[in-house]
1. For region A:379-399, give me each residue that is closer than 20 Å to residue B:52 by Cβ and in contact with a helix residue (DSSP H, G or I) (Cβ under 9 Å, 6 or more places away or on another chain).
2. Quick test for you: out of A:507, A:460, A:500, pick the one residue that is within 21 Å of residue A:417 (Cα to Cα) and either among the hydrophobic types (A, V, I, L, M, F, W, C) or crowded, with 18+ Cβ neighbours inside 10 Å (or both).
3. I want to confirm something. Restricting to region B:174-211 and keeping residues that are surrounded by 17 or more Cβ atoms within 10 Å (Cβ to Cβ) and within 30 Å of residue B:247 (Cα to Cα), which single residue is modelled with the lowest pLDDT?
4. Within region B:57-126, considering only helices (runs of 4 or more DSSP H) that don't extend past its boundaries, which have at least 3 residues that are of a type in the set (S, T, N, Q) and out of contact with any Leu (no Cβ under 8 Å at 6 or more places or on another chain)?
5. Evaluate the following for residue B:53: is it out of contact with any Cys (no Cβ under 6 Å at 6 or more places or on another chain), touching a residue at least 60 places away in the same chain (Cβ under 8 Å) and either within 8 Å of chain A (Cβ to nearest Cβ) or on the phi > 0 side of the Ramachandran plot (or both)?
6. Restricting to region A:135-148, name every residue that is surrounded by fewer than 13 Cβ atoms within 10 Å (Cβ to Cβ) and modelled with pLDDT of 70 or more.
7. What number goes with the only condition from (1) under 16 Å from residue A:339 (Cα atoms); (2) surrounded by fewer than 22 Cβ atoms within 10 Å (Cβ to Cβ); (3) small (Gly, Ala, Ser) that residue A:433 does not pass?
Amino acid sequence: MVIIRALSDAFSWLSAPVSDAWQSAEPLLYVGFLAFLLIVGIWVWNQKGTGARILSGAVFTLLAGEAYRLVPRIVASVTPKSPLPDATGYAGLVSYLTMGGVLLFLELYRQQRYGRTETGKGLRRENLIPVLFGLMVAVSFVRFNGWMDGEASVFWVAVRNLLLAAMGVLEIVLWLPASREERCFRHLPAAIALILVFYLPYALLEMQVPELSVLMIPRTAALIWLVWMLRGSAVLRGTGYSFKTYIKRYWTLYLLLLVPIAFFAIFRYYPMSYISLAFKQNNILMHPWKLPLAEEGGLEWFMNAFKDNAFGRALFNTVFLNLLDLCIGMPMPIIMALLLNELAFPKYKRLTQTVLYLPHFLSWVIISHIALRLFGTNDGIINKLFNTTVPYMSENNHWRIMYIVLGIWKECGWNTIIYLAALTGINAELYEAAEVDGAGRLQKIWHVTLPGIRSTIIVLLIMNLGRILGSEFDRPYTLANKMVNQVSTTISIFVYERGLQGNQYSLSTAVGLFQSIVCVIFLVASNTLAKKFGERGIW
Amino acid sequence: MSVVNNTGTLNHKKIHDGMIKSRSTRTGDWIIAAICFILMLVCLVPMLHVLASSLSAAENLIRNDVFLWPKGWNIEAYAKVLTTPKYLRSLGWTAVLTVICTVLSITLTICAAYPLIYPNLKGGKAISLFFLLTMYFSAGTIPNYLLLNELKMLDTPYALIFPNCISVFNVIIMRSFLYGVPDSLREAAEIDGAGPLRVLVQVYLPLSLPVIATLSLFYAVGRWNGFSDALMYLKDEAAKDKYSPIQLLLYNVIQNATKTAEQAALENADTSAGVSKTIQMATVMFATVPILLVYPWLQRYFVAGVTIGAVKG
């Protein structure tokens, strides 16, 4: 008791309030640890060496156990009022069994790699490991462990941890010969010992000295070391040079990748954490992780959006304009590419292409400006030339048509590039054969050219279908005006106006999330569909 | 895997020359040539109209009788744009910004793409996946805005430089191109004792000038024509005055002009609206001409670039 009191005092500084920085770094560390286990597990699973599957079994056991322990803690640390029940009791049980499971897998791997030792009669040492693990499982179900109620009997706690300790010590002894034999295992017994040294005091005294939980940090470090060694053992057999040589030769490549990876992590992945704002109260003064949930169990903004007529209209406009683009805008480059392909004068063809690519390089701001000059109702050149007053840009249906027409004007020439490239891949003999058979120009196009670019058309169709709910910003935003905003407000503009201009951040994040998810679903669905019809798809 | 071979020359030759026709020219060919001529006109006429308007006198523009040929020739509008500090500064700033962004983007794109072509790079596949996933799922407008808010980058030039400085699409194009360089060149350099960096500088970079030119064009056009990021990330007036790229300035000027034109129409138009119109037209010319001067020279390269990108993406 005195010792426990002393220990408790010695570690009391640990219960001091941790700094904010640590609080936000902690979940990231956990996520990193779990991701490390997952990657190593999958990697080892894919190795061809002996016992790779068993090894990955050990890593996956560890992953499952640690995930069970850490995920509730991640959730608890990022939400002020954790909706999950306190899972620490279960966590104790799970990490106890995880430790045993990992040791069991370690023994199976050893036996797979070195075969069973032949000496000794009756109960051999290596057979003790499964027996001990069985005992551990049996003991862990005894009620007096106090997993759930926290009223553990000291006796049972001592018994169950003694079993684990025995298993660990036995495993160290069994690995000793291997550690002398192979370089990659030379520190393995030490790692097991360290894990036990850090884990056991915590497991024995966690009720009396909660601060001892800090020992889980070095224990986790030792676990990482162990997993890394096991991974090394799976590589080293077969490959010619060691990890050190590899790093020496190629470290510069990782140096090059450092900045791009940091860029994607910061500017592409980190913002994803802000998506949680869609489920939180509308507040941007702190990170949404720290905000309380929105009403309706966090779904308030989604419900609001779907009740909102303006959102419904934006959704409809997005889909409608994209469908029009798909039906009218997509065939145009194909027709134009066929036309260019039939053009007989090479120099003239090159000039035509250069001119057709020009509009692609103009921005939507400029195009909308020119469009207003040309198609204005009262002062537009076109109306002036024909002496009419057609409201090209200021009446709903006219505007929709102009939106499509201007889109075609800008991108049609540019989009021919890909079809023209596909056209060059068509075997010239096919044309000759068709000519011999007496096919005319149109027949050759129908029977040779179009089938030749079919797969390209399908790939582009998939990509366009995948974007059916996606929306550009520049195009509708610059072309729009007050008269037509009923039909010109797409989701991207809705998000901009509500979120950045109207400060309804949560609502617009929810809308954006909905849009992203539907986009991914459409992309996957259309790709699967294309593959069903025997096409290559886009992945 | 990659459609385009090592230097990309073979393919666009094919693209440009098309099918080699062994037969004589027929009437159909002339009809197609005529259709293509009309298509060219459709692409050119709007630009010619802008050019003509910018060179016309203000009162002709107000009367709307300028179509393709300038009336009342003068280059006053251009002189005015070049002497109006607002326009001149914005043009200069956009040029500087475009250069910075292009250099940064192309450097980072090479950094991202080059290591991935090493077949035995450990973790290479995972890193590729890490890059590629962002093409299919992105955080969205508001999260990106909040990120810049947290990084204190709003209302600073950084907001226009960093968020879009690497495009995955361009990384794919660059990687496919580098894949096309024969491995034997790299291996020969490695046997001579060159490390990866040296191989990059001495073997790969000289061979990849065409793709660097293409991607520079893509990045430069993207930045030069970019407007939505400035619209969203420049919020206070001082920052807008200082850092508005030319496209945003044009957009705002035109929006204001339409409003004032509506008022002017009510109060019987005077020539000031016409003057501002010629200036707008001259600004449009300034905002488009740099790109229009560059892209035809790079055509053979970007055709190859687009083809790789579309096949891989």
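1. First, pick out the residues of region A:379-399 that are closer than 20 Å to residue B:52 by Cβ: A:379-386.
If the condition is that a residue be closer than 20 Å to residue B:52 by Cβ and in contact with a helix residue (DSSP H, G or I) (Cβ under 9 Å, 6 or more places away or on another chain), then A:379, A:380, A:381, A:382, A:383 are the ones that fit.
2. Numbers: A:507 fails: within 21 Å of residue A:417 (Cα to Cα); A:500 fails: within 21 Å of residue A:417 (Cα to Cα).
That would be A:460, the only listed residue that is within 21 Å of residue A:417 (Cα to Cα) and either among the hydrophobic types (A, V, I, L, M, F, W, C) or crowded, with 18+ Cβ neighbours inside 10 Å (or both).
3. Only one residue tops the list, namely B:210.
4. On the way: elements: B:58-62, B:76-83, B:85-113.
Fully inside region B:57-126 and qualifying: B:85-113.
5. On the way: out of contact with any Cys (no Cβ under 6 Å at 6 or more places or on another chain): yes; touching a residue at least 60 places away in the same chain (Cβ under 8 Å): yes; either within 8 Å of chain A (Cβ to nearest Cβ) or on the phi > 0 side of the Ramachandran plot (or both): yes.
Against the criterion (out of contact with any Cys (no Cβ under 6 Å at 6 or more places or on another chain), touching a residue at least 60 places away in the same chain (Cβ under 8 Å) and either within 8 Å of chain A (Cβ to nearest Cβ) or on the phi > 0 side of the Ramachandran plot (or both)), residue B:53 qualifies.
6. Going through region A:135-148, the residues surrounded by fewer than 13 Cβ atoms within 10 Å (Cβ to Cβ) turn out to be A:138, A:141, A:143, A:148.
Hits for region A:135-148 are A:138, A:141.
7. (1)
Condition check ((1) at the interface with another protein chain (Cβ under 7 Å from one of its Cβ atoms); (2) among the small types (Gly, Ala, Ser); (3) closer than 12 Å to residue B:146 by Cα; (4) free of Cβ contacts under 8 Å to residues at least 24 places away in the same chain) across all residues:
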| position | (1), (2), (3), (4) |
| --- | --- |
| A:258 | no, no, no, yes |
| A:262 | no, yes, no, yes |
| A:265 | no, yes, no, yes |
| A:269 | no, no, no, yes |
| A:280 | no, no, no, no |
| A:289 | no, no, no, no |
| A:292 | no, no, no, no |
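The values are calculated or read from the model by the stated rules, or taken from the named source; none is laboratory data. If you're wondering where the values come from, they're calculated on a predicted model, not measured in any experiment. Counting neighbours? That spans all protein chains shown, and the Cβs are built from the backbone with ideal geometry, glycine included.
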